[in-house]
Structures are given as structure tokens and as C-alpha cells.
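Notes follow once the structure below has been shown.
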Amino acid sequence: MEFLIITGLSGAGKTRAADVLEDLDYYCVDNLPVALMTRFAELCLDTRGRFEKVALVTDIRDREGFGMLLDTVEELKQMDCSVQILYMDADIPTLVRRYKESRRPHPLAEKGMTTEQAVLKEEELLTWVKARADYVVNSSSMTLGMLQNKLYTLFAGEGKKRGIDVTVMSFGFKHGIPLDADLVFDARFLPNPFYIPELRALSGLDRPVAEFVFSYEQTRTFMEKIEELIDYLLPYYIEEGKLSLTIAIGCTGGRHRSVALAAALHTHLQANKVSSVNVNRDIDK
């Protein structure tokens, strides 16, 4: 069993790091007292493989037990656990600014003590942990995307790459634009199968409707432009740290044109190995 202990300075990004590691299939526990780590490890081992990778966040908040961290690491190793320490670091001005922005007190702040003094005190108290850490990540100038890239590089298994989950949704404008849409495309300018009597009762999932919609040059060109734009944007969304993307394509009622286009885009994304699902919100309205 793999144990990764995430520790470091308050405000340096331990919780963010745990969020990223969850996406890498780690079971994460925040603010676990050091005194409970070996017992927690026993419980995980008793599950017989259910928890293979565990990340535990602990820091100076555990004031009484934190000093026993290295002894606990040795105990975990004697239990045949692989144990590593990730130390999240940041420079003093960055930590002070983050605390000012969050308006939360530093865990070591006392009456009459400035935030900078509290940060400096914590940095001094954690010198021994930083020296023992297997990995030290300084988040001072990192965006969330940069932090994800760094942690993926350190802890992702071979062949595992950062990706993004895409939802391609068709909808009808008369029913409202989806609230969770990141990108919205309007297909109402395309010829409408609704006015073809033999197509009206069908939907964009039926071949006759899809063939009608894509029989027009403007539809094919529109689809090409959408695919080109999405292919261009996805790598940048992934680099920025976006984990999910909702692409909404709308027509008047959400039954014919938007459904056909959404299905085509979904097929295009799957052909390019992008994780994609197709949702037709208003097809039955």
C-alpha cells in the first residue's frame, strides 16, 4: 500500500494538492492526527486492496502529535507500507497575501502577532519536516493548472495523462440556455426539419433528420468550424486546469438540429480519444 503524507506551510496548497491527488485515484484524508495514522493504516490494510493509494494531509494544526510524524513514518514502513512525504512550500510574501485575501487567521497566530510573524514561526518549526521530505513543491507562482501539471509529473502512473471530461448538450432556446454551459453555439440559422411533415415527429437522433440537417453546406461548414475550435481549445483548457467542459448547442425546440449537431460533435470527440458524453436535454419536450 502506498501512503503519501502531504504536509507543509499553512496556505501553501495542501488541500489543493489533495484535490489533484484524488483525481489520481488516491484516497485522501485531510487533517488526520498523526496519532491516528497507524490505526488508519491498519483499517486500510484490512480492506484487502480496496485502498491501494492513500494521501494523508497533516500539519501544524495537530500541535501535540505533529512532532511524532517521522517516528510514525517508520512505523508505517514496518507495516510494509510505502511511505513518502510531499512538502508544500511557498515564500513568505505569498503566504501573507493569501491569508489576507482569505481573511482567515493563521493557525499559529496569537494576540499581538502579525500574520508574517506567524508564518515565519511555522516555517522555523517545520524545518525538520522539509529536510526529510521526498518532494518539495513551491506553489508561490503556480496557477492551479501548473500545480496539477507538477503533481501529475510526480505521482501519475505510467501512461496516465491529464484529460478533461466533455459534455456535449443539445437544448432548445425556448426552454432556456443551460446554466452550466461553458460554450454555447446557436444552430437556429440552419434549415429546420420541423417544417418537413415526415420529419417533424422524428428527432436529430434519427437518420432521416440527421441526413436532412447535414445535406446543407452551411451545416457542414458550421460543424467543421465548431470541431476546429474545440480541438484548438481543449489542450489550453487542460493546461489551465479545467477538469470538465460543457458544450451546449441550441436550436429553437432542442429536438432536431441541435440534437443532430451534438451527436456529430460527440462522435468527433470520441474519435479523437476525448472523454465525452452526449446529453439531449429537451429532446422530449
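Readers should treat all values here as calculations from the given coordinates under stated rules, not as data from a laboratory. Small disclaimer: the values here were computed from a predicted structure and weren't measured. Counting neighbours? That spans all protein chains shown, and the Cβs are built from the backbone with ideal geometry, glycine included.
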Give the residue that is surrounded by the fewest Cβ atoms within 10 Å (Cβ to Cβ), with candidates limited to residues of segment 1-25 that are within 13 Å of the chain's Cα centre (by Cα) and of a type in the set (A, V, I, L, M).
-> Leu24
From the list Cys44, Cys28, Cys81, which one is surrounded by 15 or more Cβ atoms within 10 Å (Cβ to Cβ), over 25 Å from Glu123 (Cβ atoms) and without any contact (Cβ under 8 Å) to a residue 60 or more places away in the chain?
-> Cys44
Just checking, how many residues over segment 182-220 are among the polar types (S, T, N, Q) and more than 22 Å from Thr167 (Cα to Cα)?
-> 3
Per-region count, segment 108-127, residues closer than 16 Å to Ala90 by Cα and either free of Cβ contacts under 8 Å to residues at least 12 places away in the same chain or assigned to a loop (DSSP other than H, G, I, E, B) (or both) | 4
The listed residue being closer than 30 Å to Gly11 by Cα and among the acidic types (Asp, Glu), out of Glu217, Glu240 = Glu240
By my count, helices (runs of 4 or more DSSP H) wholly in segment 162-242 with at least 3 residues that are among the β-branched types (Val, Ile, Thr) are 217-240
Could you tell me which residue of segment 51-65 is nearest to Phe155 (Cα to Cα), considering only residues that are crowded, with 18+ Cβ neighbours inside 10 Å and more than 21 Å from the chain's Cα centre (by Cα)?
-> Thr58
